[in-house]
Structures are given as C-alpha cells and as structure tokens.
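The next block holds one structure in the form of structure tokens; read it before the comments.
The values are calculated or read from the model by the stated rules, or taken from the named source; none is laboratory data. Since the structure is predicted, the reported quantities are computational estimates derived from the model, not experimental observations. All Cβ positions, glycine included, derive from the backbone under ideal geometry; neighbour counts span all protein chains shown. Heads up: the accessible areas ignore ligands, DNA and RNA and are worked out on the full protein's heavy atoms, side chains in. Shrake-Rupley method; radii C 1.70, N 1.55, O 1.52, S 1.80 Å.
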Amino acid sequence: IVDHTYDDKYDESCNVCGFIREIKEEPPKPVVKSVPMFRMYDPNGGEHFYTGSTEERDFLISAGWQYEGVGFNFPVTGRPVYRLYDEKTGEHLYTMSNPEMNSLLKAGWNYEGVAFNSAGDDEVPQYRLHNPNATRGAYHFTGSTEERDILIAAGWEYQGIGFYSCVR
C-alpha cells in the first residue's frame, strides 16, 4: 500500500508515485479587488486619458499616444465614474456627478459609459484639475499631491477630488 502525498488539497498528482486523484471540489477563485487603469498621453493634443482596456491602450499607442504606465487602480465594485467625450474639442472627462453628467450631455458631450468604479473616501484621492487656457487636455486627474501642486502653480484650477482609487 502506497501513502499518497499531495502539495495541497487541490493538487491532483501524488508526489510519491504520480497517482492522479479525483478532486471533488473546485479550488477557490482568486479575489480580484482592483484593476489597473492605464494612463495615456496624446503629445499632439495634450490630453491625458485613462482606460482600463488593454485593447484601447494598445490602439492608442499605435496611434501615437504615449503610455505612461498605470495611473491608478480602481475597485471592481464601487460608485460608478462616468466617461464623457466632447467631439468638438476631443476632450474626455470623468465624473461621478449625475448633475454634471446631465449638464454636459445637454451641452453636446457624448456619454461613453461607466469608465471604472470609485473606491471609498478612505482610499487614495484622485485630484481633478482644469486648465482654463486649453480646449483639449483641459482636465487632468492625479493622485500625486506634487503633480497637483505643480499644475496649480502653473495656472491650473483645482476642482477638488474627482474620485478615489485603491491602494496598489
């Protein structure tokens, strides 16, 4: 009689003889708590853009955008952050505010859906800034207080916290 040994209760193959056992229960699925949001930059238009889609990120890279890495992580569940697009200026905006979204829709912006979810206000604030001198690239979001302060010193308007991201 052989004593079968396994690395854990989900290991099918015996470490001693290679016997394959039948496992009746499924191993637990890993819990995904957050997903990366990729930060892109358009050197021609000056816009920073965020996407959680690797396909959209790769398309933008092929169109000449610069990939700046993961801007922040967003939770799988949370308050929705809406993505809007202004065809006239090429500008994107992210907002959690239904009144702001409705106002922009009335002004001709396009609704592009829920971009991601906001974490709770005990997580990492993403600061919203607006450049009053720009038509495209006029909105910027950053979790860096240093970047926020540099933009404010350069004339950008601080508009508060746009949403919250997860600690990486």
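Assuming a ≥ b ≥ c are the square roots of the Cα gyration tensor eigenvalues, decide whether segment 99-144 counts as rounded (a/c under 1.5), prolate (otherwise, with a/b larger than b/c) or oblate.
Values: a/c = 2.45, a/b = 1.27, b/c = 1.93.
Oblate.
In nm, to one decimal, how far is the modelled label at Phe59 from the one at Val167, with both set 7 Å along Cα→Cβ?
Here the answer is 3.6 nm between the modelled labels.
Hey, what D do you get for segment 78-127 in µm²/s if you plug the Kirkwood alpha-carbon radius into Stokes-Einstein at 10 °C and 1.306 mPa s?
Details: Rh = 11.5 Å.
Once the numbers are plugged in, D ends up at 139 µm²/s.
What does the charge count around His92 come to, taking other residues whose C-beta lies under 13 Å from its C-beta (Lys +1, Arg +1, Asp -1, Glu -1)? If you can, show how the numbers build up before the last one.
On the way: positive: Arg39, Arg83, Lys88, Arg128, Arg136; negative: Asp42, Glu47, Glu56, Asp86, Glu87, Glu91, Glu112.
Around His92, the charge tally is -2.
I want to verify the translational diffusion coefficient of the chain in µm²/s; compute it with Stokes-Einstein, Rh as the Kirkwood radius over Cα pairs, at 20 °C and 1.002 mPa s. All intermediate terms of the calculation are to be shown ahead of the outcome.
Values: Rh = 18.6 Å.
Reported coefficient: 115 µm²/s.
Springs between alpha-carbon atoms under 10 Å, Gaussian network over the chain: tell me which of Ile152, Ile23, Ile61 tops the mean-square fluctuations.
Comparing Ile152, Ile23, Ile61 in the GNM, the peak value goes to Ile23.
What is the percent carbon and sulfur in the accessible area of the chain, measuring with a 1.4 Å probe over the protein chains and ignoring ligands? Please report the intermediate quantities before stating the final value.
Working: 5070 of 9980 Å².
Ligands and nucleic acids excluded, carbon and sulfur reach 51 percent.
Set the Förster distance to 25 Å, then compute FRET efficiency between Lys106 and Val35 from the Cβ-Cβ distance, nearest 0.05. Could the numbers behind the result be given before it?
Details: r = 31 Å, r/R0 = 1.25.
Given R0 = 25 Å and the Cβ-Cβ separation, E is 0.20.
Indicate the gyration tensor shape class of segment 31-86 (rounded, prolate or oblate), computed on the Cα atoms with a ≥ b ≥ c the square roots of the eigenvalues: a/c under 1.5 is rounded; otherwise a/b larger than b/c is prolate and the rest oblate.
Details: a/c = 2.43, a/b = 1.68, b/c = 1.44.
It comes out prolate by the Cα gyration axes.
Per residue, how much accessible area does segment 70-168 show when a 1.4 Å probe rolls over the protein heavy atoms, in square angstrom?
Details: 5040 Å² over 99 residues.
That works out to 51 Å² per residue.
Roughly how many Å is it from the Cα centre of segment 38-83 to that of segment 94-109, as a whole number?
Cα centres, segment 38-83 to segment 94-109: 20 Å.
Count the lysine pairs in the chain whose Cα atoms sit under 26 Å apart, keeping only pairs 8 or more residues apart in sequence or on different chains.
Working: Lys9/Lys24; Lys9/Lys29; Lys9/Lys33; Lys88/Lys106.
Going through the chain pair by pair, I get 4.
Using the Kirkwood radius built from alpha carbon pairs, what does the Stokes-Einstein equation give as D for segment 91-167 at 25 °C and 0.890 mPa s, in µm² per second? Each step should come with its number before you reach the end.
Values: Rh = 13.4 Å.
D = 183 µm²/s.
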